[in-house]
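This report concerns only the one structure given below.
The values are calculated or read from the model by the stated rules, or taken from the named source; none is laboratory data. Predicted model only: the values in this text are computed from it and were never measured. Glycine gets a Cβ as well: all are built from the backbone with ideal geometry, and neighbour counts include every protein chain shown. The accessibility values were calculated without ligands, DNA or RNA, using every heavy atom of the protein model including side chains. Shrake-Rupley method; radii C 1.70, N 1.55, O 1.52, S 1.80 Å.
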Protein chains: 2
Amino acid sequence: MDADAFRQAAQSAIEEIISYNKNIASLPVLPQIKPGYLAPQIPTSAPTKPQPWSDIQPDISSKIIPGLTHWQSPKFMAFFPACVTYPSIIGEMYSAAFTAPAFNWLCSPACTELETVVTDWMCQAFSLPPSFLSTSPNGGGGTIQGSASEAIVTCMVAARERYLHRKCTSENLQPNTPEWEDRISTLRGKLIALSSDQTHSSTAKGARIAGTRFRAIPTSYTDDLALTGQSLASTLAECAAQGLEPYYITLTLGTTSTCSVDDFASLAPILRQHPNIWVHVDAAYAGAALILPEYANKYSHHMSIADSFNMNMHKWLLVNFDASMLYVQNRTDLTRALSVSAPYYENKASDSGMVTDYRDWQIPLGRRFRALKIWFVVRTFGLEGMREHISRTIRLGELFAGLVGERRDLFEVVARPAFALTCFRLKPELFEAKAVVNGNGHIEEGVKAPLPDVPAKTPLKSVAATAAATNGTSTPTFSSTNGEHTLNGSASASKAAETTANTLTKNITDLINERGEVFLTGSTAGGKTFIRVVSGNANAEEKYIREAWEEILKVTEEVLGEWRRERGQP
Amino acid sequence: MDADAFRQAAQSAIEEIISYNKNIASLPVLPQIKPGYLAPQIPTSAPTKPQPWSDIQPDISSKIIPGLTHWQSPKFMAFFPACVTYPSIIGEMYSAAFTAPAFNWLCSPACTELETVVTDWMCQAFSLPPSFLSTSPNGGGGTIQGSASEAIVTCMVAARERYLHRKCTSENLQPNTPEWEDRISTLRGKLIALSSDQTHSSTAKGARIAGTRFRAIPTSYTDDLALTGQSLASTLAECAAQGLEPYYITLTLGTTSTCSVDDFASLAPILRQHPNIWVHVDAAYAGAALILPEYANKYSHHMSIADSFNMNMHKWLLVNFDASMLYVQNRTDLTRALSVSAPYYENKASDSGMVTDYRDWQIPLGRRFRALKIWFVVRTFGLEGMREHISRTIRLGELFAGLVGERRDLFEVVARPAFALTCFRLKPELFEAKAVVNGNGHIEEGVKAPLPDVPAKTPLKSVAATAAATNGTSTPTFSSTNGEHTLNGSASASKAAETTANTLTKNITDLINERGEVFLTGSTAGGKTFIRVVSGNANAEEKYIREAWEEILKVTEEVLGEWRRERGQP
């Protein structure tokens, strides 16, 4: 493909991308294909002869797009969003054109230096403590990783090495002696990573990769599913009693299941008493909200207890996957653990100590020029544009929480709605009467109490009204009071009713996703199975939020109707 | 940025990329900037207001391009190449537009299924054993990772878990019992990863990440810097005597320093006796040559001893970084070690077992749609076009090795030239006479023997002649005979002469890179410091190879002249 052919092919690709985005709402958000749909449509081996772009491009619309899950669709309300915007795509074009496996400064100085610039920009934009800036006297700084899961395992390895080094040094052992090695061998088996039971699975996986134990500290709905200082203190006491050595903890700002936030205020004093435990704050999704002053005021100052902080620009903040910002207070913690020398890396710039070689801040060697797309997106939107996107989608989340709140006869909100996420399930009270579950989990006898009808249309408040009602602040319309969820009546529900509510809620999620009008994720926390609805998508609109709600009501009616019919109710 | 603004901006970006590529040979291959060049040119914080593309784009040419190392320049002969081609850029455009952190099949089925298709295509194109195909009855398959270093640490973690599981099971222990846990704690401290001393640094780093010991097995020039069965056997005996448990080994097809190839034929019988040691073959760079039948015939069948095999499409094979192909014989080895369940991952497709969730084949959770660019590149070039690129650049490497060989008066070739890489240094014999090195490594008295003049122009054979001389095969023009390097006279050189040859060779490399006419890497292996010249770049041409050679001769003359002047020689 020469320059002229590229010009023509790329322009044609641009038109296809524009057209894809224009029509995205008309596509089913989940592809209507079956597993294994693709291979039979494609030759079983690579072509020997070159093919022109005119032969290749048509396969995008005929074979690839039908197999895509459309994360940019306004009907995509599953997981967390993965936004992409036009300036971000242009960033990827240049990044590919300037390709370099930029493992050290010399490999492409602009790649390293722009990364330092944009991580510092975002550190300020999130009002993080200045100790995370590249210019901080403590030697902090930011780097761009591929994903929050990589950031976590990177920090865990650094934490493990820091812990072992400090411990052995404090015992007056000398590195590179048999005594040091023996002590480390013994200690390894005792190391334990901690997090709450709501922490993303990547902490458990990280511990497995790092070869250490892991313990999930229980949370409860009473504490809004947050990890508290008290629970941490008792886990630390337990570990001490068992001869285990906690070396690392993940705290979360916005958990995956429910966007709960760990209780930094009560955790801080405990963690200050344990300076050898590495504190990582995982703000992968919700960290984007720190761009809003009201969120920054509430959370950012707490980040001073963190050795490392991570948020993904590629979730809610308009940059396409991958662009995961990792900040540390002390870069030496990373480089001591992860730097491996080799003669082919030697160069005058690295030797001078004047440059950053980001390969020593991460697990892989090579790295892409990810800073470009962040630079383009931040400049194209400006902080104002990014803030507007975040607050607009939070308001849509409040609208949705409000809709659910208006149907307290049917649903209960599970956990405090936050960060454009609402989690809810069928009320267990609906199934209180005589629900009995047999050994296979099947419901044998059902509720005799009349279930409410689900009207096809419900009169609802508009976004504007919802926003006005909350004075434009981030307080969910559907808030809990003093940590007690006012709508959470499940304490009184029987186990059987709980099981029925969970099972039917899961059936609703599955049926909605099977129909493909809207894509939602289900999850489970603290014994409750629920539906998650996220409105953080860049294309999210009130219209689609309302349509999703109507779809949920419709499917709920069907599932409840089917359930009633199965037990002979009218 | 709306669709119209994107169209205009992207078209403008395309023109800039085309123009960048057209002019790339005229840019200094290494940027002429100093560390810290960028930050002073950029505001210290992010802009509040949105900026139009017309304000952003000019910064590419004024601030970014001057700070790039131009990996596509035909003057780039350092490290290994990182090729990018136009269809690859188009792949990145679509991948960004279709963005998804595609951690499971449901996240975007096309992303998973096309990955299976292209990994199978390349498995066949490299004539790898069919046990690496996704359709193999043994449950093998390929996946695309970000880098060879990620692939290695992924396999090491899987190897560690497989080893521990097999060992405990063989001792009749039951999983999830205190006895099992205790045994694993004891075993962990004894686990040791192996490789040759020529293996890429990522194996040592991987062992650190996985929290195990690591031992580099010595190689020698007598064996072409290859790991041999004999050395492995004695290391295994050593480990056994020391109570250590080898669980993993990296073998290399094309080492980073010299492109040496481990001696698979003698290693295979030893490794077959140790089926619990995971064998990984790192063919990150040189694996691309397996697309040529003559290389496949020589090497591919040996890969049957490997549990895993890795090569990077993003080095020599025309796909931009990142696109690292990892093949395993048994996918369960990966998924058992790396799968972590969470309620938000549950979906009917995954539960059915009918789909692949590649997140369980890797360390990070999220993954990009990397298969698209591979698909576009393979189809645009066809296997014929890819083969032509590899054989053309190998011929250029043979040309260069031939040029060095014509100056046996000045240089010795270090290790067998292979895979478009030639490694050479100043002959130590040049410095034999009376060279004395003081305690600081400075030369106090130099050679009195007359050094040869370095003519500015040397009559040289053409590529065609070189290729003809080698009958178009891949045999380097500069070959060794029976494992003895005919040009390697260093056995007889004194230590001081060796040191002088090494120091001045490094000075030549540094000075060449400082001038920026051509970018080369230096390295060291087995006590010899040398210059590496690689011609695998997609834009490599005979003209630039010859110019690089002239530059090397010129700088060599300067360095030798300076050295002579310092010791008062004419």
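Starting from 0.36 nm per residue, how many nanometres of slack lie between residue B:166 and residue B:238 once their C-alpha separation is accounted for?
Details: separation 72, 0.36 × 72 = 25.92 nm, distance 2.21 nm.
Stretched out fully, the residue B:166 to residue B:238 stretch lengthens by 23.7 nm.
Taking all protein chains as present, what is the carbon and sulfur share of the accessible area of the protein assembly as shown, in % to the nearest whole number, probe 1.4 Å?
Carbon with sulfur: 51 percent of the solvent-accessible area.
To the nearest 20 debye, what charge dipole does chain A have about its Cα centre, counting +1 at the Cβ of each Lys and Arg and -1 at the Cβ of each Asp and Glu?
Roughly 260 debye, rounded to the nearest 20.
For residue B:562, project a label point 7 Å along Cα to C-beta. Then give me every residue of region B:497-527 with its amide nitrogen under 19 Å of that point.
Hits in region B:497-527 for residue B:562 at 19 Å: B:499-523.
Hey, rough spin-label estimate for residue A:543 and residue B:406, points 7 angstrom out along Cα→Cβ, what's it come to in nanometres?
7.2 nm
Taking the label point as lying 7 angstrom from Cα along the Cα-to-Cβ axis, what are the distances from residue B:190 to the corresponding position in the remaining copies, in ascending order and in nanometres?
Taking the point 7 Å beyond Cα along Cα→Cβ, the inter-copy spacings are 2.1 nm.
Any aspartates and glutamates with Cα under 17 Å of the residue A:298 Cα? List them, leaving off those in the same chain fewer than 8 positions away.
Residue A:298 reaches A:224, A:262, A:263, A:282.
Please give the calculated 222 nm ellipticity per residue for the protein assembly as shown, where each DSSP H segment of at least 4 residues contributes -39500 (n - 2.57) and the sum is spread over every residue; nearest 500 deg cm²/dmol?
Calculated from helices alone, the mean residue ellipticity at 222 nm is -13000 deg cm²/dmol.
Show me you know the interface measure: the accessible area buried between B and A, both chains summed, probe 1.4 Å, in Å² to the nearest 100.
12500 Å²
Just want the answer: with Cβ charges of +1 for Lys and Arg and -1 for Asp and Glu, which residue in B:73, B:42, B:32 is farthest toward the dipole's positive end in region B:1-73?
B:32
Taking Cα centroids, how far is region A:6-61 from region A:73-127 in Å?
Each part's Cα centre sits 25 Å from the other's.
Over chain B, calculate the relative contact order: mean separation of alpha carbon pairs under 8 Å at least 6 apart, over the residue count, as a percent.
Numbers: 1021 pairs, mean separation 111.2, N = 570.
Normalised by residue count, the contact order of chain B is 20 percent.
Say a label goes 7 Å from Cα toward Cβ at residue B:178 in every copy; what distances in nm does this one have to the rest, shortest first?
3.1
Note the distances from residue A:39 to each other copy's matching label point, with points 7 Å along the Cα-to-beta-carbon direction, in nm, sorted shortest first.
5.2
So who's got an amide H within less than 5 Å of the one on residue B:251, skipping anything under 5 residues away but keeping other chains? H placed 1.01 Å off N, in plane.
B:280, B:281, B:282
Based on alpha-carbon centroids, what's the gap between region B:338-384 and region A:290-345 in Å, whole number please?
When both Cα centres are located, 26 Å separates them.
Just to be sure I understand the model, the point goes 7 Å from the Cα along the line to the Cβ. What's the resulting residue A:349 to residue A:3 distance in nm?
My value for the distance between the label points is 2.7 nm.
Which of B:332, B:426, B:355 sits closest to the plus end of the dipole of region B:308-429, meaning its Cα is farthest towards the positive end, when Lys and Arg get +1 and Asp and Glu get -1 on the C-beta?
Going by the Cα projections, it comes out as B:426.
Can you give the accessible area per residue of the protein assembly as shown, in Å², using a 1.4 Å probe?
Accessible area per residue, the protein assembly as shown: 34 Å².
First measure r as the distance between the Cβ atoms of residue B:276 and residue B:301, then evaluate 1/(1 + (r/R0)^6) with R0 = 22 Å and state the FRET efficiency to the nearest 0.05.
0.40
With +1 on each Lys and Arg Cβ and -1 on each Asp and Glu Cβ, how big is the dipole of region A:100-368 about its Cα centre, in debye rounded to the nearest 20? Walk me through the intermediate numbers first.
Values: 20 positive and 25 negative charges, 63 e Å.
So the dipole magnitude of region A:100-368 works out to roughly 300 debye.
Explain nothing, just compute: Karplus ³J(HN,Hα) = 6.51 cos²θ - 1.76 cosθ + 1.60, θ = phi - 60°, for every residue of region B:219-227 in order, whole Hz, x for Gly and Pro.
Those phi angles translate into 10, 9, 5, 4, 9, 6, 6, 8, 6 Hz.
Report the residue of chain B with the smallest Cβ-to-axis distance, using the rotation axis that brings B onto A, in whole Å.
Measuring from each Cβ to the axis, the minimum is at B:211, 2.
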